[in-house]
Amino acid sequence: MTNDNLTKLLVFCVLFCAQKTSIVHGSQALETKVALLLHVEPENPKCFAEGMSDLTCFWEEDEERAGSADQYSFIYTYQNENSSECAVTALPAAGGKRLYFCRLSRTQLFVPLDIRVFRDDLLIHNRSLFIEVVFLLDPPSNLTLTSTGTQGQLKASWLPPSLKYMGDSMMYEVSYAMAGSHIGKVEEVQASSELILRGLQSGTKYKVRIRAKLDGISYSGYWSAWTDPVLMETIPGDLDPLIVSLSLIISLVLTLLSLIVLMSHRRFLLKKIWPIIPTPESKFQGLFKVYVFVSLEYETRYEEWLGHSTGGLWLRPAYFYSEEFPAPLEVLSEVSLGPALPSSALPPKASEALGEEEDEDKKLKRVDSALMEGWRETPQEHWLMDQLQSIHQHPAPRTQSSLLESHDAYVTLNSQNHSGEEPLDDILEETLPLQVLFASGRTSSESRSDLGSLQQSSGSGRLSSQSSFEYPNHTWPPKGSGYTYMAVADSGVSMDYSPMSSSKIDDIGKGVIYTNEYKNEIPAHRRPIGTPIHFAF
Amino acid sequence: MLLEWTKPGLSNPLRPICDLRVLKHFIEEARDAEAAMLACKEGRGLPEPVTVPQTKVDFNVWERKNALEQAQEVQSGLWLLNQAIGSLRATVTNTALHSHIDNSLRNIFSIGQVLRSLNIQEYTPPAGGVAGGEETWRVSSASELLQVHVNFLRGKVHLLLSNTPVCHQGSS
């Protein structure tokens, strides 16, 4: 028993609540419509139709002047019919006003309707209208936003009001804006229940709302209230292909520009990245000498040597390699180009090199007898000295000869700056220029021409016009007429060899004069120990 | 039988005219005529009252009627209007109004053609010449007559044309 009662009570409560909710909802809708019409309609009473056969009319009065509802009478008359009266109800409104309502539940359309409002038999309002042109619909329902799959688009769809006969007169206004922004766009659509919004930004949240209106030749009305806004985010944008291609082109252009800049300044950059080991000859003036080496044999071993030398172009400390592969070198003469310095102040590097090559001392003396015999003594020497001194700006002191007392193959470091010469055409800017030194067995004129030609043939411009020639006290025995000479400038990092000239062409039968410009820092250490350096002529 | 075959016009089936923009055009021209009549100050009154159809539509009532009844109502109303506006033409002297009235008459005839294309039965007037009934009333002014004309087209004719089963066969 109690269970049944409880169930009934529960059902009653639910129904009551539902009804109340609908009433509340309905009254809220009514309030909205009233507010809307108060804004839009100038005539009194303001009337609107919500469906096919209803009409709601109302008017507003100030609180102090307002009377009770029964003071008012609402008389309406259809064309060719008798008048009828509608019951008036009053409701309080905001702002100290009162609203009086009249609602008709059965209406006739397409026929003029006369409305007269009396207050205590005094006509206060008079209006004639057609009911089918004062429609004020509820906002559309079920507004949903979906993505179309395309960039910058959204599809809005809704449920049209369920009114018969009025589909072709239905008109909608869709208002959309970016979430948070007040500036939006509006689009109108006629007799449709969906719309594709275009031209939207990708990856942005949009707020869309819609309202409806009847706007036809038969039916017409006011704009409904806006629906609650619906939010939806558009699909994130892909990279615009135009932007991607433009940025690629720009980066390519920038890369090319940077490459060009790099290439044009490669010398400078390499100097910074791979600096040349500084040579200390600036600190130790006069300690560095240039030695002239004379070929001892006509050998094709020069080829081997050349083959070694072409292995690499990179600078390597020559002193290092000369330690590994000391070579037998016959020092013909020694030239000191810097100011006089104590001979004992040899740089430690050079002394190391010298030290290691002491055992090769004897090898140095091994000379081709044929060549040695051809050595002309004093006249040649004097001539050579004269030649060299004539172009030397700074007369070299002859006291430097003591440096060669050990007969060793010195690592020579050229302290001469090739002033006035063309700059080195590669990265070895700090490579010291070659000294033009040669002793020739020919006549002076030939020698001169040789000197001249030698100078000219030095493509790298390392030949200096200044040189001093100095014989060490311990001079080598005369070699003979078949000597070919080349000047070697050893900067400690590299050894530069001048093109060779031959003093005795007759003796050159076996070998070939290699007049190519070359740098020899490497070949010395690549040769196996004991192999003499031969400069083939 | 041979005469049946050679009967002109009626045997040719017309393509259904479902586009309501045609009716919209007629309604607008009827409105122009009413406005012109209101603007004109002379010749407002009719020599004698004319019978015109009722234009009011109570949807509850209308929907209870079947298609045939609706069609009859529309057809008889159009016939009455045709008679009334025809008689109006004789009384009006203004040439501008004449063109409006002629237009209205042509439009009524065109609506009849549209209804025929939709297989709506034609109205045969009663033998007495004057149709009465619930759905008629009498007007005595020209502006009222033209107003009735407009409202009739907007109302019943429009309702009938927008709900013809022939036109809704493909969509519904």
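Quick note: the coordinates plus some simple rules give every number you see, no bench work behind them. Because the structure is predicted, anything quoted here is derived from the model rather than measured. Every residue, glycine as well, gets a Cβ built from its backbone with ideal geometry; the counts of neighbours run over all protein chains shown.
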**OP:** Evaluate the charge dipole of the range A:22-135 about its Cα centre and quote only its size in Debye, nearest 20, assuming +1 on the Cβ of each Lys and Arg and -1 on the Cβ of each Asp and Glu.
**Re:** 160
Original post:
Label points 7 Å out from Cα along the Cβ direction at residue A:144 and residue B:91: separation in nm?
Top reply: 6.0
Subject >> Exercise: per-residue mean of other protein chain Cβ atoms within 10 Å, A:102-113 >> reply: 5
Original post:
Using the Cα atoms as the points, what is the convex hull volume per residue of the range B:44-165 in Å³?
Top reply: 101
Subject >> Relative contact order (%) - criterion: Cα under 8 Å, at least six apart; region: the range A:22-135 >> reply: 27
Subject >> Simple Cβ-charge dipole of the range A:223-285, Lys/Arg +1 and Asp/Glu -1, about Cα centre, in debye nearest 20 >> reply: 1000
Subject >> Stokes-Einstein diffusion coefficient of the range A:137-234, Kirkwood radius over Cα pairs, 20 °C, 1.002 mPa s, in µm²/s >> reply: 156
**OP:** Please report the Cα spread of the range A:22-135 along all three principal axes, rounded to whole Å, starting with the longest.
**Re:** 40, 34, 25
Original post:
Where nothing but the Cβ of Lys and Arg (+1) and of Asp and Glu (-1) is charged, how large is the charge dipole of the range A:137-234 around its Cα centre, in debye to the nearest 20?
Top reply: 200
Subject >> In range of the label at residue A:151: residues from the range A:207-242 whose backbone nitrogen is under 19 Å from the point 7 Å along Cα→Cβ >> reply: A:233-242
Subject >> Distance violations [Cα-Cα > 20 Å] among A:97/A:213; A:213/B:56; A:33/A:213; A:33/A:185; A:33/B:56; A:46/A:164 >> reply: A:97/A:213; A:213/B:56; A:33/A:185; A:33/B:56; A:46/A:164
